[in-house]
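Data first, discussion second: the structure below is written as structure tokens.
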Amino acid sequence: MPHLNTDDGIELYYEEVGAGHPLVFVHEFAGDYRSYEPQLRYFSRRYRCIAFNARGYPPSDVPEDWRRYSQERARDDIRAVLDALSIGKAHVVGISMGGFAALHFGLAYADRATSLVVAGCGYGAEPDKRKQFQDEATRIAAQIETRGMAEVAKTYGLGPTRVQYQNKDPRGFAEFMRQLAEHSTRGSANTQRGVQSRRPSLWDLIEEMKALAVPTLIATGDEDEPCLEPALLMKRTIPTAALVVFPNTGHALNLEEPDLFNRTLAEFFHQVESGRWPQRDPRSISSSILGM
């Protein structure tokens with residue numbers, strides 16, 4: 001099985017298919033590289049597609065020490081993928097935890113990103129929700145350690161922003177739940193402790209986001225409540241950002257609405273590659289309601 005090495009000695013599993021401009025997929029906490037199967041099949045017709053498992057997700061290594069998991073490491077592990085595969089620049093697509101990683105990658109390594117897709121991103125990011133989110137992440141980590149990931153998956157996968165997927169596509173949702181139950185207990189607990197509970201609020205990154213010049217597409221489902229306000233913040237702050245909201249859609253939007261997700265991203269990539277992706281016109285920003 002193909003693995004690559006990070007600069008701190010961790011082996012990451014990856015799969016690659018297709019040819020063309022590189023396109024890297026970064027998965028969410030409840031997913032893994034398999035979560036991007038609808039995108040790999042679609043985009044590999046035109047792109048060199050890479051999906052990898054984060055540290056803590058077998059067949060990638062599962063470090064025992066939770067301190068070896070962090071937002072910075074998640075960011076740098078994307079860079080490790082590019083370096084190991086001799087990729088100079090790539091479109092970087094991330095959902096949820098992967099969306100945070102994609103955004104941080106763009107902020108730190110803008111010269112390595114052709115574009116960013118930041119989807120389903122925002123859980124715990126609002127300042128008045130920070131403490132609650134950190135407490136919940138710590139509690140979930142303890143539950144995973146005590147009961148095991150296979151048992152916790154039964155309730156975690158049925159959260160209020162995932163029932164939409166279950167209602168639309170019971171077969172696909174059952175597959176998602178099976179894959180979630182297979183995740184490493186140690187890796188999942190350490191990811192909650194090291195990455196989820198310690199990542200900075202998006203509101204702490206406003207000045208950095210104002211300077212981000214990489215073409216950025218922000219995507220969210222309209223029933224993914226924890227991501228709606230953060231999505232608006234990113235749209236208003238990043239000068240190269242556009243926001244798309246999928247109707248009647250929850251958190252795992254690439255699985256719940258794969259056709260819409262793929263077509264939306266394909267149009268975005270085409271605009272970027274043709275040099276037609278704009279920066280926001282400063283005249284569109286005003287405190288006036290009627291523009292007078």
Could you list VAL214, VAL244, VAL93 so that the one with the fewest beta carbons within 10 Å of its beta carbon is first and the one with the most is last? VAL244, VAL214, VAL93
Only loop residues by DSSP count here, and only those with at most 10 other Cβ atoms within 10 Å; note down the trypsin sites (Lys or Arg not before Pro) in the stretch 192-292 that meet that. ARG276
List the residues whose amide H sits under 5 Å from the amide H of VAL26, counting only those 5 or more places along or on another chain, with H placed 1.01 Å from N in the peptide plane. VAL93, GLY94, ILE95
Can you give me the orientation-averaged projected area of the convex hull built on the Cα atoms of the stretch 3-278, in nm²? 12.7
Using eta = 1.306 mPa s and T = 10 °C, Stokes-Einstein with Kirkwood Rh from Cα pairs puts D for the stretch 51-117, in µm² s⁻¹, at 130
In the chain, which helices (entire DSSP H runs) extend 15 Å or more along their own long axis, judged by Cα positions, while averaging at least -1.0 on the Kyte-Doolittle scale? 71-84, 97-108, 170-181, 225-237, 258-273
Can you put ILE140, ILE218 in order of Cβ neighbours within 10 angstrom, beginning with the fewest? ILE140, ILE218
Step through the table entries LYS89/LYS235; LYS154/LYS235; LYS89/LYS129; LYS131/LYS154; LYS131/LYS210, compare each Cα-Cα distance with 29 Å, and write down the pairs that go over it. LYS154/LYS235; LYS89/LYS129
Among THR191, THR161, rank each residue by its count of other Cβ atoms within 10 Å, from fewest to most, as a rough exposure measure. THR161, THR191
If you keep only loop residues by DSSP, which GluC sites (Glu not before Pro) in the stretch 47-137 have at most 13 other Cβ atoms within 10 Å of their Cβ? GLU64
By the scheme Lys and Arg +1, Asp and Glu -1, what is the net charge of all other residues having a beta-carbon under 11 Å from that of TYR36? -2
May I ask you to list the trypsin sites (Lys or Arg not before Pro) in the stretch 1-101 that are in a DSSP loop and have at most 12 other Cβ atoms within 10 Å of their Cβ? ARG45
Remind me, relative contact order of the chain in percent, using alpha carbon pairs under 8 angstrom and six or more residues apart? 19
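We did not get these values from a lab; they are worked out from the coordinates using the rules stated. Please read these numbers as outputs of a predicted model, since none were measured by experiment. For neighbour counting, all protein chains shown are included, and Cβ atoms are generated from backbone atoms with ideal geometry for every residue, glycine included.
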